[in-house]
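Report on the following structure.
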Amino acid sequence: MEIKARVEIVWKYGDEAVAKAVAEAVQVDNESMPAGLKKSLNVETRWVDGIVRTKIKYSGEIETLIKALDDLVFSVKIAEEIAEKV
């Protein structure tokens, strides 16, 4: 089944440096998405005042959206772990 969806995920860190590091790491991953997927999935991550906000626009199979969201959350988790060590 094909769907159209808009998703916004917000992570609140309260620490500008951590928010910036996480957002920049995740945005690099967003930009390196395969060309075929970019046609149906638009992902943008930004930070302001210690808050990271990811906006997603998607059109396609729901399973692909679920996988993309899972990848995003995993990428954020890894970026958080690295930011804590720096």
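Read the figures in this text as sums done on the coordinates, not as results from a lab. Here the structure is a predicted model, which is why all the values come from computation and not from measurement. Every residue, glycine as well, gets a Cβ built from its backbone with ideal geometry; the counts of neighbours run over all protein chains shown.
What to note about this one:
- Theoretical ellipticity at 222 nm over the chain - DSSP helices of four or more residues, -39500 (n - 2.57) apiece, nearest 500: -16500 deg cm²/dmol
- Relative to the longest principal axis of the Cα atoms of the chain, the long axis of helix 16-31 makes an angle of roughly 30 degrees.
- Efficiency of FRET between Ile78 and Lys38 - r from beta-carbon atoms, R0 22 angstrom, step 0.05: 0.50
- Of Lys55/Lys85; Lys38/Lys67; Lys12/Lys38, pairs whose Cα-Cα distance is over 24 Å: Lys55/Lys85; Lys12/Lys38
- The chain - percent relative contact order, Cα under 8 Å, separation 6 or more: 41 percent
- Residue-wise HN-Hα coupling along segment 42-54, computed from phi with Karplus coefficients 6.51, -1.76, 1.60 (Hz; x: Gly, Pro): 10, 10, 9, 10, 9, 9, 8, 6, x, 10, 9, 10, 10
- To the nearest ten degrees, helix 62-85 and the longest principal axis of the Cα atoms of the chain are 10 degrees apart.
- A simple rule links phi to the HN-Hα coupling: the Karplus curve 6.51 cos²θ - 1.76 cosθ + 1.60 with θ = phi - 60°, which for segment 2-8 gives 8, 10, 10, 9, 10, 10, 10 Hz, with x for Gly and Pro.
- Long-range Cα-Cα pairs in the chain (distance over 17 Å), rounded percent: 45 percent
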